[in-house]
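Notes for the one structure printed next.
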Amino acid sequence: MHTVTLQPSGQQFTVEEQELILDAGLRQGLRLPYGCRGGSCSSCAVTVLNGELDYPAGEPMGLAPYDKEQGRAFLCQAVALSDLEVDCPPLDAEDDIEVKVLPVRVEKLRKLNHDVMEMTLKLPASERLRFQAGQYIDLLLRGGKRRGFSLANAPYDDQYLELHVRHVPDGYFTSHVFEHMKPKALLRLEGPLGNFYIRDSARPIILIGGGTGFAPLKSMLEQMKEQPVDRPVALYWGVRAKQDLYMDTLIKDWTARYDWLSYTPVLSEPNADDHWAGRTGWVHEAVLSDHDNLAGHDIYMSGPPPMIDAAKTAFAAAGVADEQMFSDAFEFATDTLQALAQQGAT
């Protein structure tokens, strides 16, 4: 048995041999940050100050080389090899939000482009899901399968929940959504989950989305529109081609109405018929090109892990402190990855 000490609070809890550290803390009533509990979202990341730990199932998928250089560890996948001291700042009061399992009904399905579906879920009349802008839910499927989707609507508008579902070829759930699901279908969700939300700060904000990683950023912006915003907010949305900017008109409307918001779409592989005169390349490189002093900003990133890993490394080299970068990396479920791998082998 080992003792884990959380700094700066000084709280302590014990961990059994080969017990996951996050499981031990939650079992003993500690309020610890976590999200996917699968090693990909980085919500449970802490900095190890003293002691040793290990990952019995192998290094987590979301643990980037940059994270390891900073001494960061994912509690959801780690076991203690000795007493540990970790830097884990106390959660904000808002993180007392209750995680619930609720039934929901599909209220509406609307195709936003060729491969993104807007799914609107209706909660029971007697229930609301209290969450922070940027968090996500898991849909609980048959056979114990789970699919995580960021909430794209603002917390104040919580009678319905908005999800952006990208169609993954041969994807178990997304193919069902696009090909078979109808309004009034019943589902179950668990949430809210994740530690991705806007922190209090006086620094300007940069939001970076990749593909449907725009969804949690939309939730943040929807919330900001209803509150006084006293610092600039710059949104960068990186996609492959023009058709992937599935809510481009909405964002342009917002930028016309709110002087605190700017918007830069970036295409990595524009089609010839896009006639694109805007920015091209990698979205994080556009951010670097536009800002001489990134160290003076708070940066929020949502998208595929490779995008976030590359951005974190580049921004750190530009002088951005680790505590000013926040991310929500999404990844395909294991069975979907297996299907894609099989498809690539045939």
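The values are calculated or read from the model by the stated rules, or taken from the named source; none is laboratory data. Small disclaimer: the values here were computed from a predicted structure and weren't measured. When we count neighbours, we look across all protein chains shown, and the Cβ atoms used for this are built from the backbone with ideal geometry, even at glycine.
Could you tell me which numbered condition Arg231 fails, if it satisfies all but one of (1) within 26 Å of Ala329 (Cβ to Cβ); (2) in a helix (DSSP H, G or I)?
Of (1) within 26 Å of Ala329 (Cβ to Cβ); (2) in a helix (DSSP H, G or I), only one is false for Arg231: (2).
Quick grid of which residues meet (1) polar (S, T, N, Q); (2) assigned by TED's automatic domain parsing to the domain that holds Gly211; (3) surrounded by 17 or more Cβ atoms within 10 Å (Cβ to Cβ):
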position	(1), (2), (3)
Pro265	no, yes, yes
Ala272	no, yes, no
Ala277	no, yes, no
Thr280	yes, yes, no
Gly296	no, yes, no
Tyr300	no, yes, yes
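Specify the residue that is modelled with the lowest pLDDT; the eligible residues are those in segment 24-51 that are among the hydroxyl-bearing types (Ser, Thr, Tyr) and under 16 Å from Phe196 (Cβ atoms).
Tyr34
Specify which of the listed residues (Leu53, Leu6) is in contact (Cβ under 8 Å) with a residue 60 or more places away in the chain and touching a helix residue (DSSP H, G or I) at 6+ places or on another chain (Cβ under 9 Å).
Among Leu53, Leu6, only Leu6 is in contact (Cβ under 8 Å) with a residue 60 or more places away in the chain and touching a helix residue (DSSP H, G or I) at 6+ places or on another chain (Cβ under 9 Å).
Out of all the residues in segment 296-324, which are acidic (Asp, Glu) and either assigned to a helix (DSSP H, G or I) or over 20 Å from Met220 (Cβ atoms) (or both)?
Asp309, Asp322, Glu323
Quickly run through segment 184-201 and pick out the residues that are modelled with pLDDT under 95 and in a loop (DSSP other than H, G, I, E, B).
Gly194, Asn195, Phe196, Tyr197, Ile198, Arg199, Asp200, Ser201
Look at Gly134 and say whether it is under 14 Å from the mean Cα position of the chain (by Cα) and assigned to a strand (DSSP E or B).
Spelling it out, it is not the case that Gly134 is under 14 Å from the mean Cα position of the chain (by Cα) and assigned to a strand (DSSP E or B).
Which of (1) surrounded by fewer than 23 Cβ atoms within 10 Å (Cβ to Cβ); (2) at pLDDT 95 or above; (3) not in a loop (DSSP other than H, G, I, E, B); (4) not assigned by TED's automatic domain parsing to the domain that holds Ala152 is the odd one out, the single condition Met224 does not satisfy?
All conditions pass for Met224, except number (2).
Identify the single condition in (1) buried (at least 20 other Cβ atoms within 10 Å of the Cβ); (2) at pLDDT below 95 that Thr334 does not satisfy, given that it satisfies every other one.
Against the list (1) buried (at least 20 other Cβ atoms within 10 Å of the Cβ); (2) at pLDDT below 95, Thr334 comes up short only on (1).
At pLDDT 90 or above, under 21 Å from Ser302 (Cβ atoms), in contact with a Gly (Cβ under 6 Å, 6 or more places away or on another chain) and not charged (D, E, K, R): which single residue out of Phe13, Phe74 fits that description?
Phe74
Has segment 14-31 got any residue that is under 20 Å from the mean Cα position of the chain (by Cα), touching a residue at least 12 places away in the same chain (Cβ under 8 Å) and in a loop (DSSP other than H, G, I, E, B)?
Scanning segment 14-31 turns up at least one residue that is under 20 Å from the mean Cα position of the chain (by Cα), touching a residue at least 12 places away in the same chain (Cβ under 8 Å) and in a loop (DSSP other than H, G, I, E, B).
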